[in-house]
Amino acid sequence: MGISRFVLLVFTISMLASPALSDLVLSKVDRRIYLTSHIVRISSTLEVENAGPETVSKVLLAFPDLQAQNLAYLMASPHEAKAKVKVSVVSFPIDVVKPEDMPPGVTFYSVSLPQGLTVGASFTFDVLAVFTQALRPMPEQIGQADIQLVLYQDSAYYLSPYVVKVQSLSLKVPDSRIESYTTLQSTKVQGSEIKYGPYENLPAFSSSPITVHFENNLPFAIAQELVREIEISHWGNVLVTEHYKLIHGGAQSKGEFSRLEPQARENVQGPSAVRYLVAHLPPRAHSVYYRDAIGNISTSHLRGDSKKTELLIEPRYPMFGGWRTAFTIGYGLPLQDCLYESEGRRFLNITFSSPMIELVIDTLIVKVVLPEGSSDISVAAPFFMKQWQETKISHLDIVGRAVVVLEKTNLVPEHNQYFQVYYKFNRLSMLREPLMLISGIFFFFVACIVYMHADTSISKFSASYLAKQQWEEVRVAIQQVHNIICRCLATHDKLEASLRDLSRTGEVQACKAARKSTDGLLKELSKELKPLMTFLQSSPSAVQVLSKVEELVAKEKELLEKLMAKHSTAVEAYEKKSGARDIENRIALQQQKITALRQEVDDLLEFIDEI
């Protein structure tokens, strides 16, 4: 679907093309498209000539809309003697423009030349355009051991609103395995490079769609979200913490993952899987760590020299197409390597994006945490980004620290440029935290001295002490009541057991003897309970719990009465030699009441036990 849309767009542009925009002429265009990773880089060398009657200071660049929506980075710079794809220190201003009478489906950018181009003069400059999501996996799903094939689409002719006298195009792919490519006039293939042209005297908005289908097993690592937190401490350290949410954006993995296959066939390791990532940290980075939600990950290697510190990290598992992972890396930097002072203001000078090699970032959020007390804050960045301020409360903070938050979408390694955060800071503010620590320790020892010399004992004649003593006596009495009721319930259980023996053996006399023994035990327990209830009823401290205790005693007494009635009914029925079913029917209603009462007694015991 994407292919047909691009071809249709290019065809439409060609059909609706307008005449040349001005008297500017592109004398020579040399385009080089690098398809050696999942990031597409197009480096173009343009020689522009002013064939008109007036001086010109701006040159238009044109991109199809479908291509422009994936444009991540665009830069124009003076042409170098040797054609190299690298970021130049000097770049020309570029703005998005909408000129009139132009064909639809094209996005235009205006490049401001360093000086006006006079009549008959020419000027050569380089344009670097970097695109994301420009390679489409084909097929879209592959097996664990399959290679990854991708499709790239462009035009063999340079899309421009100006006449082009001579132009050529070369496409560089990772290796010489090319499944298919569009063949036009003057097409050559040399190893891993496809060349088109040269083509001469092409009118404005000329286009000729081409498609290249080739092998690309490099990992399509995409950070859906990256949050970088840069915390400045004037005590000598800058702490950088980076939280990654990563996805493999290549061909989706089909089928179930098997660990057995790569172990049995060592040459089959998933060619396009993300097995490791490499980050180029600053040369004096220290205290480097790498962890995820589970904890520290030991599969990482760190080596450094005078120019950089290289961190190689391996995920807990190889990432195939569509797989995701999340992890955190962190490191510290010496303050003198990042923080400088100019005209009474301090400024942080540090790279903006991720140090990971060939990583595409969908959304990047950079948080710069300034020391508490910072003021007059401003940001200088090489490109546009959203920015706002927050406040972060950390240890030993009073009002919190100012946090500068920067956000940008669709980033590539070319965005990893230096930016500056300027602020003012009073040196005396550095004494705030040490003074807080000293004051805290001092007042702690003063409190200890006061405590050691103060009499904190409670008088035995004070109201609080007497109330506490009375409550302890009430608690003891309640516990004794609790124990007596539990013993009564145990006696009830013995009475129930005698009835079960009666139904099994039919010995009425043994059952009567068990009841007689039970009556004696219950009378003794009643005598023990009476003084305890008298004490609780007379104690002011027992007012809140007295009602529950009395209810417990009453429920136990009612339970005993029901149980005795059940016992008498059963014994009388056995003496009359009634049938088992008749006996069960006669005591069934009594048993229901006994069960309900026993549950109420247990609930009250549980309530009192919590007291």
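The values are calculated or read from the model by the stated rules, or taken from the named source; none is laboratory data. Keep in mind the model is a prediction, meaning the values are calculated, not measured. Cβ placement follows ideal geometry from the backbone for every residue including glycine, while neighbour counts extend to all protein chains displayed. Accessible surface areas use protein heavy atoms only, side chains included; no ligands, DNA or RNA. Shrake-Rupley method; radii C 1.70, N 1.55, O 1.52, S 1.80 Å.
Quick one: in the stretch 494-520, which of the residues that are open to solvent by less than 70 Å² (accessible area, probe 1.4 Å) and of a type in the set (D, E, K, R) is farthest from Lys576 (Cα to Cα)?
Per the stated criteria, the residue is Asp519.
Quick check, is Lys523 more than 30 Å from Ser578 (Cα to Cα) and among the charged types (D, E, K, R)?
Judged against the criteria, Lys523 is a match.
Just checking, how many residues over the stretch 521-556 are farther than 13 Å from Val474 by Cα and in contact (Cβ under 8 Å) with a residue 24 or more places away in the chain?
11
Across the stretch 205-223, what is the total count of residues that are over 28 Å from the mean Cα position of the chain (by Cα) and either under 30 Å from Trp323 (Cβ atoms) or surrounded by fewer than 20 Cβ atoms within 10 Å (Cβ to Cβ) (or both)?
So the answer is 8.
Mind checking whether some residue in the stretch 180-191 is among the basic types (Lys, Arg) and closer than 23 Å to Ile39 by Cβ?
Checked against the condition, which is being among the basic types (Lys, Arg) and closer than 23 Å to Ile39 by Cβ, the stretch 180-191 yields no hits at all.
Which ones in the stretch 317-348 are in contact with a Ser or Thr (Cβ under 9 Å, 6 or more places away or on another chain) and closer than 21 Å to Leu218 by Cβ?
Tyr317, Met319, Phe320, Gly321, Gly322, Trp323
Taking the stretch 594-611 on its own, how many of its residues are touching a helix residue (DSSP H, G or I) at 6+ places or on another chain (Cβ under 8 Å) and either open to solvent by less than 50 Å² (accessible area, probe 1.4 Å) or part of a helix (DSSP H, G or I) (or both)?
10
Is there any pair with a first residue in the stretch 453-470 that is open to solvent by less than 90 Å² (accessible area, probe 1.4 Å) and a second that is at pLDDT 70 or above and assigned to a helix (DSSP H, G or I) whose Cβ atoms are under 6 Å apart and which are 6 or more apart or on different chains, and what are they?
Pairs that qualify, where the first residue is open to solvent by less than 90 Å² (accessible area, probe 1.4 Å) and the partner is at pLDDT 70 or above and assigned to a helix (DSSP H, G or I), are Gln470/Ser541.
Please state which one of Leu24, Leu9 is touching an Asp or Glu at 6+ places or on another chain (Cβ under 8 Å), at pLDDT below 55 and surrounded by 16 or more Cβ atoms within 10 Å (Cβ to Cβ).
Matching residue, one of Leu24, Leu9: Leu9.
Restricted to the stretch 389-416, and to residues that are of a type in the set (D, E, K, R), surrounded by 14 or more Cβ atoms within 10 Å (Cβ to Cβ) and modelled with pLDDT under 95, which residue is nearest to Val130 (Cα to Cα)?
Here the residue is Glu414.
With respect to Ser37, determine if the residue is surrounded by 18 or more Cβ atoms within 10 Å (Cβ to Cβ) and in a loop (DSSP other than H, G, I, E, B).
yes
Has the stretch 139-147 got at least one residue that is assigned to a strand (DSSP E or B) and at pLDDT 90 or above?
No, every residue in the stretch 139-147 fails to be assigned to a strand (DSSP E or B) and at pLDDT 90 or above.
Where residues in the stretch 52-77 are closer than 20 Å to Met102 by Cβ and not in a strand (DSSP E or B), which of them is nearest to the chain's Cα centre (by Cα)?
Only one residue tops the list, namely Gln69.
Right, Lys566: in contact with a Lys or Arg (Cβ under 8 Å, 6 or more places away or on another chain) and of a type in the set (D, E, K, R) or not?
So Lys566 fails the test.
Regarding Ser578, is this residue farther than 17 Å from Leu489 by Cβ, touching a helix residue (DSSP H, G or I) at 6+ places or on another chain (Cβ under 9 Å), open to solvent by 20 Å² or more (accessible area, probe 1.4 Å) and at pLDDT 80 or above?
Considered against the rule, which asks whether it is farther than 17 Å from Leu489 by Cβ, touching a helix residue (DSSP H, G or I) at 6+ places or on another chain (Cβ under 9 Å), open to solvent by 20 Å² or more (accessible area, probe 1.4 Å) and at pLDDT 80 or above, Ser578 comes out as no.
Taking Ser568 as meeting all but one of (1) assigned to a helix (DSSP H, G or I); (2) more than 17 Å from Thr518 (Cβ to Cβ); (3) free of Cβ contacts under 8 Å to residues at least 40 places away in the same chain, write down the number of the exception.
(2)
Any idea how many residues of the stretch 132-186 are closer than 15 Å to Leu202 by Cα and either crowded, with 20+ Cβ neighbours inside 10 Å or in contact (Cβ under 8 Å) with a residue 60 or more places away in the chain (or both)?
15
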